[in-house]
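Below: the structure, in structure tokens.
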Amino acid sequence: MVQPKVLIVRAPGTNCDEETAFAFEQVGARTSSLHINYLIENPTAGNDFQILCFPGGFSFGDDIAAGRILAQRLNVHLRDLVETFRAKDRLVLGICNGFQVMMRLGIFFPEADYPDAIAEPPATLTLNHQQRFEDRWVHVATGVPDCVFLKDIEHMYLPMAHAEGRFVLRNADAGQQLVRLSQIA
């Protein structure tokens, strides 16, 4: 069996990168946690990886909005790396704040599938209904049976901690498109 290589992107404020590496290593992957600044200085350093992972935390303190600064740095300095993962159908995982980064980066909405995504994204993350930071455990059910990260998992009990975590679809068609393209679990 081929041993996949996982690139875990770190930035000021991200956390759980060691736990993320441990989890990937438990299923046979090799991991490298690289800081965003290292990747900016060495833009080809991510070329040999099969999986790109954005861990949780509060990247850059989430000072502007959750994940926005890290997404902007990726968009400006490492767009080619992100596009390579998308174009070559490699795996990309965003955990907690990492998912927020992916949403802000627009990684789920390639122009070929969503021609109006820049002007009107199919989905966004916004403030919780409570309008404040929430920290609790939640039950979640998986909805996409072919997701490699959730294979054979139907339900999970996970910690949730965020203020900007409410996933809002523009309309029902956008949600169906995300599921049809296996872009969301």
Nearest-20 debye value, the chain charge dipole, Cβ charges on Lys, Arg, Asp, Glu: 60 debye
Shape call, the range 1-83: gyration tensor on alpha carbons, a/c limit 1.5: oblate
Global form of the range 57-101, assessed from the alpha-carbon gyration tensor, a/c cut-off 1.5: oblate
Net charge of neighbours whose Cβ lies under 10 Å from the Cβ of P159, counting Lys and Arg as +1 and Asp and Glu as -1: 0
The range 1-160, accessible surface, carbon-and-sulfur percent (1.4 angstrom probe): 53 percent
Accessible surface, per residue, of the chain when the full set of protein chains is kept, probe 1.4 Å, Å²: 58 Å²
Max mean-square fluctuation residue, GNM over the chain, Cα-Cα springs under 10 Å, options I51, I64, I40: I64
Under 5 Å, built H, 5+ apart or other chain: amide partners of T31: V6
Trypsin sites (Lys or Arg not before Pro) lying in DSSP loop within the range 9-109, provided at most 16 other Cβ fall within 10 Å: K88, R90
Signed unit charges on C-beta, dipole axis of the range 17-170, positive-most listed residue I153, L91, L74: L74
Ratio of Rg to Rh over the chain (Cα coordinates, Kirkwood Rh, two decimals): 0.93
Residue-averaged [θ]222 nm for the chain, counting only DSSP H segments that reach four residues, each worth -39500 (n - 2.57): -8000 deg cm²/dmol
Karplus (6.51, -1.76, 1.60) ³J(HN,Hα), θ = phi - 60°, over the range 20-25, in Hz, Gly and Pro reported as x: 5, 4, 4, 4, 5, 5
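The values are calculated or read from the model by the stated rules, or taken from the named source; none is laboratory data. Computed from a predicted structure; not experimentally measured. When we count neighbours, we look across all protein chains shown, and the Cβ atoms used for this are built from the backbone with ideal geometry, even at glycine. The protein model used for the area step is the full one, side chains on, heavy atoms only, and it has no ligands, DNA or RNA in it. Shrake-Rupley method; radii C 1.70, N 1.55, O 1.52, S 1.80 Å.
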